[in-house]
């Protein structure tokens, strides 16, 4: 065993999880601020730390921005009473939040979030797998268990219906999602995500080659993360928050964290698949210096934050679909469209190769 | 290191598989289904140790991620209490023993007929996506297509059964 490798992997894992947790906290704040902007409100502007809040200009500015709100939210989630209703199935009730959270952290492992840092062998990806994308889909498909078990564990009707809905919805959209990315790999000829970025560095971003794929992937990602046009597992008006009705305090926060971590993973996946990962027009060679390496990570995070903005923006602009409309869209529109997309792409590649 | 992981995953697979069929603590079908998921995931671990990354990923994606979720879906929609009360089924035991004997016979035959592992036992299918695809679509294309037709037949049958008013 190579101790150097183990050490650097451990450092990368800690940094990535730290980054995802920070982004989770501040994407909740961004969500609240942007929704406030869209609905013509102010949003969180009161939470302040005692000393920093009274610093003349900066303190007031940060408070108005809601910069300390995530701290207050986190404290509230931890300090609130953790109530377990007497009729729940205890084991699953405790397991479900963890099962919901773990897969979203595991998907981040194969995402190349930068080129290299310092040493050219020090790739900025935790696990450089040859079957990268399949690993991601496998882990994402495990995410449904958290919600289904939460619904089952609660042992009451609304959560149960939410759990059943989520299992049907997530399986349906996984199919469309999986088929939407096939053209990308036909074009690039490799399942490894690092190689995919390399291809995009030389030939341009894949969204130019496969815009239909991007469209299907984006909509399926909304469905997979249970975000608003498709948040039927927790639809408030029909299911009083669905699978997380019986949950309180930190367990509820874990579900919430899982949803946002899923959003972060989906956005970074889209950056890698369609927007060239860490590359940028003019910046296509892997970094040889520390500064360019950091710049590449910055570019990646910038692209990812833009896609997160799309997620948030869509949530507050579109009304919720009805359940039969959701199924109809998944099975009767997207799956045929994805199949046709594969066929067209394969034919075109076959034609141009001759 | 490899051996340690092999024994760990093999033990987990066997333990979880045992708990699927005979769990002393719970007769809840959902618990059985969740242990089946764990069995599948530990088998994927065994595939990884054989360097069959593609098979491992597909195992988790298809079986743990899709098939078992549908199992759960069906179990949750059925009446669970009746299943928990059911004790013993003579017909089931007899057919079970016969099928286990048949499968065991096939395994024993396969093990005795396979060549003994030589000194160099390292797997040759590194990152097996391409060789696997070549094999499926060149050497084994007929069985592959027959299997897909079989699946199609099953699907058409299910749709036919689920239609309420047959003309």
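Please treat every number below as a calculation from the coordinates, not as lab data. Please read all numbers here as calculations on a predicted model, not as lab measurements. Glycine also receives a Cβ, built like all others from the backbone with ideal geometry; neighbour counts cover every protein chain displayed.
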| To the nearest 0.05, what FRET efficiency results for residue A:40 and residue A:10 with a Förster distance of 45 Å applied to their C-beta separation? | 0.45
| field | Two-decimal Rg/Rh across the protein assembly as shown, once Rg and the Kirkwood Rh are taken from alpha-carbon atoms | value | 0.98
| query | Calculated FRET efficiency, residue B:101 and residue B:138, Cβ-Cβ r, R0 35 Å, to nearest 0.05? | reply | 0.45
| Binned Cα-Cα distance frequencies in segment A:98-201 - 5 Å width, integer % | 2, 11, 17, 18, 16, 12, 9, 7, 5, 2, 1, 0
| field | Sorted peptide list for A:327-333, A:253-259, criterion being average Cβ within 10 angstrom, highest first | value | A:253-259, A:327-333
| Hey, any idea what Rg/Rh is for segment A:305-349, computing Rh the Kirkwood way over Cα pairs? | 1.16
| field | GNM flexibility winner over chain A from A:298, A:162, A:277 (Cα, springs under 10 Å) | value | A:298
| Taking N as its residue count, the alpha carbon Rg of segment B:1-85 over 2.2 N^0.38 Å | 1.21
| On average, how many beta carbons from a partner chain sit within 10 Å of the beta carbon of a residue in A:169-175? | 2
| remark: Length-normalised contact order of chain A, Cα under 8 Å, at least 6 apart, in percent, tallies to 22
| request: Summarise the partner chain shielding of A:182-192 as one whole number: the mean count of Cβ atoms from other chains within 10 Å of each residue's Cβ. | output: 1
| To the nearest µm²/s, what D does Stokes-Einstein give for segment B:128-167 at 25 °C and 0.890 mPa s, using the Kirkwood radius over alpha carbon pairs as Rh? | 203
| query | Using the alpha carbon gyration tensor of segment A:1-146, what are the three equivalent-ellipsoid semi-axes (square root of 5 times each eigenvalue), largest first, in whole Å? | reply | 34, 26, 16
